[in-house]
Amino acid sequence: MTTVPSATALATAAVTVPPADPADHRGSPVPTLGMIASRFKELRKRRGLMITLILVTIGIPTVFLVIRLLLHALASKTYGPAGGYDTYTALVSGVLYVFGFIVAATLGATAGSVDLAEGMFRHLVVTGRSRLALYLARIPAGLAIIVPLVAVGFTVVCAVCVFAAPTRLEFNGVNVPVNLSRAGLETWAADHADEVICNFGFRVGPSSPDGSAISAVVNTVPCGNGPGGTSVHKLGPGAAPGSPTQPHASAAQIRAVAAEIARMNYSDYSAQFLYPSTSLMIRSGLWLELEAVIGFVVGLGLGSLIGQRTVAVVVMIVLEVVLTPIFSRARIPHLANLQRALVGLATAHLAPGGIPVFGSGGGGPAGGSGNPGLLPESTTVAVCVIVAWLVIWTGLGAWRMMTRDA
Amino acid sequence: METHGLTKRFGQNVAVNDVELLVPRGCAFGYLGPNGAGKTTLIRVLLGLTRADTGTMSLLGYPVPKHRDRALARVGAIVDEPRFHAHLSGRENLELLASAREPAARGRVGLSLERVGLSHRADDRVAKYSMGMRQRLGVAACLIGDPQLLILDEPMNGLDPAGMQDMREMILSLVAEGRTVVLSSHLLDEVERTCDAVAIVDRGRVIRQGPIAELLAGTSLVVQVDCSEPDRVPTLLERTPFGAQVQVGADGVAITLPAGTGRDVIAEIARLLVEGGVSLYRLQEVQASLESWFLQVTSRLEAE
């Protein structure tokens, strides 16, 4: 038994502050590598969550592509190649973009709320470690999980879309060699004049000096057989059915017209790819990772703020799947600036050219915005909106963690 | 550990009411009170888990919350039921906590598990642990920081008798190493067996505190008498100046004497009974327990 002072000694007790250990920085808001590694391990060992993340980010595109590969292998005339440019854009915008955000948000909401829900928060607070450091440690730990997962899923898509791409480009129903220059396309068109004239679209103005000449030549080219074995002629602009046609056009004239039509179609042709370019894949990958980072950080902040995973995940899904598509395309008077504050709209504006988002119906030319239906927003504003979302949600989550009763 | 005028309110409810408390270094200190008395709230305030409304406090000489990080560097605590990440093993949970402490804490994980007797189950998932094992893991979590002060909130909860005995021995061994242990509990018997000093808390206010021996010295003295004619005892003692209160029951006569009564009075009572023609078979001074003292104090307060 020890000697214990009586209660009357309380009033005279003096407080002396012992010297602190100079090597102990637990009051610092900067998390240590050990804290980040431990948090990473804690998240990684959540088996159910990890299986879900892997299934969504890697499993869904993989299953989709495997089915396409099998179908093409079994019935190649009915089912086209599994990969290719169109498959790539569809998977990037329709699957990886949306589901990547949702799984990242799920992971973030989990990281932000489980300590509280599972009773570990007070153990951690009692260590004396800065609550801000405890919060910040979750960001690199979570990103170390979600960024590689999205990267793996994206790599699978890229690999299949490149290596299982169509070998020939079908342009207006005609198999055309890829990557031709303007002159190359014109030369090829001259060599395949009938196919080009019968299938490629063209438009000539009524006052065009060559318009009537082109129409006259086009009308002489037979494009298959009609009922009763009669030949069918494509009608050039301005030519009415039954109108008199030039009985004969020389081969040279036909070749020249085909080359001219090819020249008119070159801009559309040059936007057609068999498979995504390396540049597009790099930009798409970075864009998807940006989306995942935003999803994680916002989910983390929201999870920490409300202290609950399920509600946070539902809110994030509603934001991504319901609200963002609606408010990105609708033009609501007086609320346009508020709509521009949506992070989903901002990331959509940063989409690489050719990647359609929110069902805008196909990509535009590489290098430009592929989403003409979106509410207009400059790149600067989009970047500012994204940075603001990252900073504000990190701030909110950290503030709640620092002030919350444990 | 020291508090002055510490108060914590939840709306109109005062959970901790102007608490003055001093826990000296190197002792086992019991913090006693009925359920809902505010024991856990005081601990949460001390550890920075919630904020105090008024008052000052210090841990290991560091004012809190100003130097909370330095103070908690050498504090280990279990608050309420110890809960952990169920999908991790006991060892992994401790490693997670150690990563938030100083680098040396990681090296103490194995030793802590060994000390609480969990080494053989350290790599099992916590989901498979019993309540008692989680309590032990909670103590191990306290030990990884090599604490000078341990605050244990109801550490006996969920333990079987053997587990309680182990916990008691562990607490005593920690005190023997020079650490201070604050044991919050409503199990008076356990506190009496383990602690050197106690504070009694009721409705958020500390109503008594000090060394147990000192506090019990202020309790009434009870003498249990087994004799031939119990019914005559009240009559024989009613005119004496001792202030005795006599209760006759099936198992004998209980004579309650005021606090501070000397042992010579017991001899005088024996002489009076024998001279009154009552044959004495047994006369025994009953040691006052913490429980009886606690009940006396709290019942007196309720009467007031």
Per the rule of 0.36 nm per residue minus the C-alpha distance, extending B:E214 to B:F242 adds in nm 7.8 nm
About the Cα centre of the protein assembly as shown, what is the dipole size in debye to 20, counting +1 per Lys and Arg Cβ and -1 per Asp and Glu Cβ, all else neutral? 1920 debye
Given the options B:V64, B:V248, B:V75, state which has the largest fluctuation in a GNM of chain B using a 10 Å cut-off (strictly under) for Cα springs. B:V248
Net charge of Cβ neighbours under 10 Å - reference A:M401; Lys, Arg +1; Asp, Glu -1: +3
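So between A:A144 and A:I54, what do we pick up on full extension, going 0.36 nm a residue minus the alpha carbon distance? If you can, show how the numbers build up before the last one.
Working: separation 90, 0.36 × 90 = 32.40 nm, distance 1.39 nm.
Length difference between fully extended and current span is 31.0 nm.
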Using only alpha carbon pairs under 8 Å that are at least six residues apart, calculate the relative contact order of segment B:2-216 and give it in whole percent. 31 percent
Between A:V391 and A:H25, what FRET efficiency comes out of the Förster formula 1/(1 + (r/R0)^6) with R0 = 25 Å and r the beta carbon distance, rounded to 0.05? 0.55
DSSP bridge pairs, chain B: antiparallel proportion in percent, nearest 5: 65 percent
In the protein assembly as shown, if the dipole is taken from +1 on Lys/Arg beta carbons and -1 on Asp/Glu beta carbons about the Cα centre, which of A:F64, A:T106, A:T187 is farthest to the positive end? A:T187
Reduced to Cα centres, the span from segment B:71-109 to segment B:188-246 in Å works out to 42 Å
Among B:A86, B:Y31, B:G163, pick out the residue whose Cα is farthest towards the positive end of the charge dipole of segment B:2-216, where Lys and Arg carry +1 and Asp and Glu carry -1 on C-beta, about the Cα centre. B:A86
Long-range amide H contacts for B:V198: which residues qualify at under 5 Å (H placed 1.01 Å from N, peptide plane, sequence gap of 5 or more or a different chain)? B:G30, B:G210, B:I212
Compare B:L272, B:L290, B:L47 in a GNM of chain B, Cα atoms joined below 10 Å, and give the one with the largest fluctuation. B:L272
With no other cysteine's Cβ closer than 4.7 Å, which Cys residues of the protein assembly as shown count as lacking a disulfide-compatible partner? A:C158, A:C161, A:C384, B:C27, B:C142, B:C195, B:C227
Cα gyration tensor category, rounded, prolate or oblate, for segment B:41-86 with a/c compared to 1.5: oblate
Straight-line reach only, C-alpha to C-alpha below 29 angstrom: list the lysines that B:K8 could link to, leaving out same-chain residues fewer than 8 apart. B:K39, B:K66
Counting only DSSP beta bridges with both partners in the protein assembly as shown, the antiparallel fraction in percent, to the nearest 5, comes to 70 percent
For segment A:127-182 and segment A:253-267, what is the separation of their C-alpha centers, rounded to whole Å? 38 Å
Can you give the local net charge around B:K128? Use residues other than it whose beta-carbon is closer than 12 angstrom to its beta-carbon, Lys and Arg +1, Asp and Glu -1. +1
Peptide B:44-52, shielding by other chains (average Cβ, 10 Å cutoff): 3
Once phi is turned into ³J(HN,Hα) by the Karplus curve 6.51 cos²θ - 1.76 cosθ + 1.60 with θ = phi - 60°, what whole-Hz value does each residue of segment B:23-33 show in order, with x for glycine and proline? 10, x, 5, x, 10, 9, 10, x, 10, 9, x
Other chains near B:101-107: what is the mean number of their Cβ atoms within 10 Å of each residue's Cβ? 4
Computed ³J(HN,Hα) along segment A:334-347: with the Karplus parameters 6.51/-1.76/1.60, θ = phi - 60°, integer Hz and x for glycine or proline, the list is 6, 10, 4, 5, 5, 4, 5, 7, 6, 5, x, 5, 4, 5
Take B:R271 and A:A117, extend 7 Å from each Cα along the Cα→Cβ direction, and tell me the distance between the two endpoints in nm. 7.7 nm
Run down the lysines and flag those whose C-alpha is under 30 Å from the C-alpha of A:K41, throwing out any fewer than 8 positions away in its chain. B:K128
Cα centre as origin, Lys/Arg/Asp/Glu Cβ charges: segment B:164-304 dipole, Debye: 300 debye
Compute the FRET efficiency between B:S130 and B:D264 as 1/(1 + (r/R0)^6), taking r as their Cβ-Cβ distance and R0 = 41 Å, and round to the nearest 0.05. 0.15
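Laboratory data are not the source of any read-out in this text; all were calculated from the coordinates shown. Just so it is clear, the structure is predicted and the values come from calculations on it, not from any experiment. Methodologically, a virtual Cβ is constructed for each residue, glycine included, from the backbone with ideal geometry; neighbour enumeration extends over all protein chains shown.
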